[in-house]
Amino acid sequence: MNHRSFVRRLFAPLAALALVILVGRITDRTTGQSLAGLEITANGPSHARARTDADGRYIFRSLRPGRYLIDVRGKGVPTVAKHIVLRDGKVTENITVCNVALDYSCANPPQRR
């Protein structure tokens, strides 16, 4: 066994314990305005919920690394789903959504023919 493989085997259990912080801001796609009070869920190796603050910001602490489905829901906002992969450290994921109160086209999207 060489030095590199020894180190990997030694630290592999510690890497599994590594936690990720996910932060971001939710804004309206038309106006760029921050959206407060939206619910964000993270589903993957960990499951967590958060709400956006007055500046549209959210934070998840202590997520395990891996693939996640991030859902954004709230009054006047059609549900948005986004897949992301979290590896380590602090990850920033800003999301734009369509708010019906700011853009009426969100409520009645154009029909495809």
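Points to keep in mind about this one:
- Close amide H partners of Glu93, meaning residues 5 or more places away or on another chain with modelled amide H under 5 Å apart, are Val23, Gly24, Arg25.
- Here's how it looks for Arg29: its modeled amide H is under 5 Å from those of Val97, Cys98, Asn99, which are all 5 or more places away or on a different chain.
- Modelled this way, with points 7 Å down the Cα-to-C-beta line, the labels at Arg49 and Val85 are 3.0 nm from one another.
- The range 19-106 - charge dipole about Cα centre, Lys and Arg +1 at Cβ, Asp and Glu -1, debye rounded to 20: 300
- Positive-end residue of His47, Thr30, Gly74, charge dipole of the range 19-106 with Cβ unit charges: His47
- At q = 0.20, 0.22 Å⁻¹, base-10 log of I(q)/I(0) for the range 19-106 (Debye sum, equal scatterers on each alpha carbon): -0.85, -0.99
- Summing charges over neighbours of Asp71, with a neighbour being any other residue whose Cβ is under 10 Å away from its Cβ, gives +2 when K and R count +1 and D and E count -1.
- Per-residue Karplus couplings for the range 29-38, computed as 6.51 cos²θ - 1.76 cosθ + 1.60 with θ equal to phi - 60°, are listed in order as 5, 8, 9, x, 5, 5, 10, 8, x, 7 Hz, Gly and Pro entered as x.
FYI, it's all coordinate maths here, none of it is from the lab. All of these numbers come straight from a predicted model, not from anything done at the bench. Cβ sites come from the backbone with ideal geometry, for glycine too, and all protein chains shown count toward neighbours.
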